[in-house]
Amino acid sequence: SKSTPMPGVTLHERRHTAARKNTSRVAEEYISCSAVQDMPKDKIKVPAAVKAAIASVRSSEEDCYLVVGYCSVNKLEVVQEGKGGLAEAKAANLFPEDKCRYSIFRIAHKVEMARTVKFAFIDWTPTGVKPLRRGLLSTHKGQVQNLFNPYHVWLEASQPQELDPSTIAAKIGFSSGTAVYTREVNGKEQKAEDKRKKEIKTRSEKKNFAVNTKGITASRKLKLDDDAVITAAIKGVRDDENPLQWVVLTYKGNNTLQLSAKGEGKVQDMCDKFDDDQVYYGYYRVEETYDEKVKNTVKFGLVRLICDKLSAVFKGQLATHRGFVSNLFHPFHDEFVISSKKDASEEIIRKRIRLAMFKEKSVLKSKKEEDKKEASA
């Protein structure tokens, strides 16, 4: 017999409600079935040999690489370990056109006089992989990235020409602030660009005039009180052989920077030199650890303290000095602006550096906490 329709409910609404109930019933049956209950939480199987090979790359003292592939539908295996970089791995034909490969590279990178270590992860899924297999591999991506994490740069490639060592070098340069973007131009574009720059320069020269600001210099150019001393101090922070760890600059007048302090101690010592009545630029170096077996990597940072007590006019002038200051301390991995001394501490700085390294938790700190727990137990 036909059921009596509810008043005010259309036929479409009744059908939609019935379909929703049926979908919920099917989902519950699927979740409760034994096959689903017995499915492993991890989509891929990672043997101990693969984990040991990754740890070996991180603890290596020279440039090396590791290439990992599949030995079955969802189980990884070590394809090859080797010395060198992407060029050497390509020469060994480790990236076939019909198989997926995951690889990590240890790359030495120099920031002026400081030697740092960078890690690059490459996800090679070529177009020759069958569509069904490619769909399954897409469900593995998250676990694979967690397995190789942390790394500084990531390259996803499907064509042989995308496996270019210069691409990895450029990505590392951009991540460390030691490279700039460039673009190739033909002859006509270059002439047009040169003409445009010349016109802009001509217009700026015609409009060059002095502004009466009663205290701010007309040129608005920032100068260094002692160029040799300041540049030597900044280079000392970047030099691995120099014990200098930080340097602080402040203003002498409205458009001259002078050396306020420098030191070989902790970053907290630099923060203690700040006051809430001036402008300070603090440049520092710290060391962080990616993995328990990886040596400390050097990171540089810049703190700009612009206190609230300054006049609005002087704050406006500081905006015109930003480019000069950035170029003076370049390169650095992290930069932040504060308005009070209390906003600067070694704990805050290290947390920002760890976030910049895509690692929110310090390995050194977590290791110490685990040792304490074991000792108390």
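The values are calculated or read from the model by the stated rules, or taken from the named source; none is laboratory data. All of these numbers come straight from a predicted model, not from anything done at the bench. All Cβ positions, glycine included, derive from the backbone under ideal geometry; neighbour counts span all protein chains shown. These accessible areas exclude ligands, DNA and RNA; they are computed on the full protein's heavy atoms, side chains included. Shrake-Rupley method; radii C 1.70, N 1.55, O 1.52, S 1.80 Å.
Quick check on Val294: is it touching a helix residue (DSSP H, G or I) at 6+ places or on another chain (Cβ under 6 Å) and either at pLDDT 90 or above or buried (at least 18 other Cβ atoms within 10 Å of the Cβ) (or both)?
yes
Condition first: more than 30 Å from Ala55 (Cβ to Cβ), within 32 Å of the chain's Cα centre (by Cα), among the polar types (S, T, N, Q) and at pLDDT 65 or above. Can you find one or more residues in region 182-201 that meet it?
So far as region 182-201 goes, no, none of its residues is more than 30 Å from Ala55 (Cβ to Cβ), within 32 Å of the chain's Cα centre (by Cα), among the polar types (S, T, N, Q) and at pLDDT 65 or above.
What is the number of the single condition among (1) out of contact with any Lys or Arg (no Cβ under 8 Å at 6 or more places or on another chain); (2) open to solvent by 60 Å² or more (accessible area, probe 1.4 Å); (3) in a loop (DSSP other than H, G, I, E, B) that Glu77 does not meet?
Unmet condition: (3).
Inspect all residues belonging to region 339-346 and state whether any of them is farther than 20 Å from Val229 by Cα, open to solvent by 30 Å² or more (accessible area, probe 1.4 Å) and modelled with pLDDT under 85.
The answer is no; no qualifying residue exists.
Taking region 243-256 as the search range and keeping residues that are within 30 Å of Thr297 (Cβ to Cβ) and either among the charged types (D, E, K, R) or without any contact (Cβ under 8 Å) to a residue 24 or more places away in the chain (or both), which one is most open to solvent (accessible area, probe 1.4 Å)?
Pro243
Which one is farthest from Ala55 (Cα to Cα), of the residues in region 80-94 that are open to solvent by less than 50 Å² (accessible area, probe 1.4 Å) and in contact with a helix residue (DSSP H, G or I) (Cβ under 7 Å, 6 or more places away or on another chain)?
Leu86
If I go through region 228-255 residue by residue, how many of them are outside any loop (DSSP other than H, G, I, E, B) and basic (Lys, Arg)?
Final tally of qualifying residues: 2.
Conditions first: (1) more than 17 Å from Gln161 (Cα to Cα); (2) of a type in the set (Gly, Ala, Ser); (3) surrounded by 14 or more Cβ atoms within 10 Å (Cβ to Cβ). Ala108 passes all but one, so which condition is the exception?
Single failed check for Ala108: (3).
Please work out which one of (1) open to solvent by 70 Å² or more (accessible area, probe 1.4 Å); (2) at pLDDT 85 or above; (3) not in a loop (DSSP other than H, G, I, E, B) is the condition Arg304 fails and give its number.
It fails just one condition, (1).
Quick check on my filter: what residues within region 35-51 are closer than 16 Å to Cys100 by Cα and either modelled with pLDDT under 50 or within 28 Å of the chain's Cα centre (by Cα) (or both)?
Passing the criteria: Lys43, Ile44, Val46, Val50.
Has region 275-289 got any residue that is in contact with a Pro (Cβ under 6 Å, 6 or more places away or on another chain) and modelled with pLDDT under 85?
Looking through region 275-289, none of the residues is in contact with a Pro (Cβ under 6 Å, 6 or more places away or on another chain) and modelled with pLDDT under 85.
Please work out which residue is nearest to Val267 (Cα to Cα), limiting yourself to region 307-317 and to residues that are at pLDDT below 85 and not small (Gly, Ala, Ser).
Per the criteria, the residue is Asp308.
Show the residue pairs meeting these rules: Cβ distance below 8 Å; 6+ apart or different chains; first residue within region 57-71 and closer than 17 Å to Glu88 by Cβ and open to solvent by 10 Å² or more (accessible area, probe 1.4 Å); second residue at pLDDT below 90 and in a loop (DSSP other than H, G, I, E, B).
Note: no pairs meet the criteria.
Could you look through region 271-285, keep only residues that are under 26 Å from the mean Cα position of the chain (by Cα) and touching a residue at least 40 places away in the same chain (Cβ under 8 Å), and pick out the one that is nearest to Glu346 (Cα to Cα)?
Cys271
Being over 25 Å from Asp63 (Cα atoms) and modelled with pLDDT under 90 is the filter here; which residues of region 107-127 pass it?
Scanning region 107-127 gives a single hit, Thr127.
What tally of residues in region 307-331 results from selecting those that are open to solvent by less than 30 Å² (accessible area, probe 1.4 Å), under 15 Å from Asn254 (Cβ atoms) and touching a residue at least 60 places away in the same chain (Cβ under 8 Å)?
Counting residues in region 307-331 that are open to solvent by less than 30 Å² (accessible area, probe 1.4 Å), under 15 Å from Asn254 (Cβ atoms) and touching a residue at least 60 places away in the same chain (Cβ under 8 Å) gives 4.
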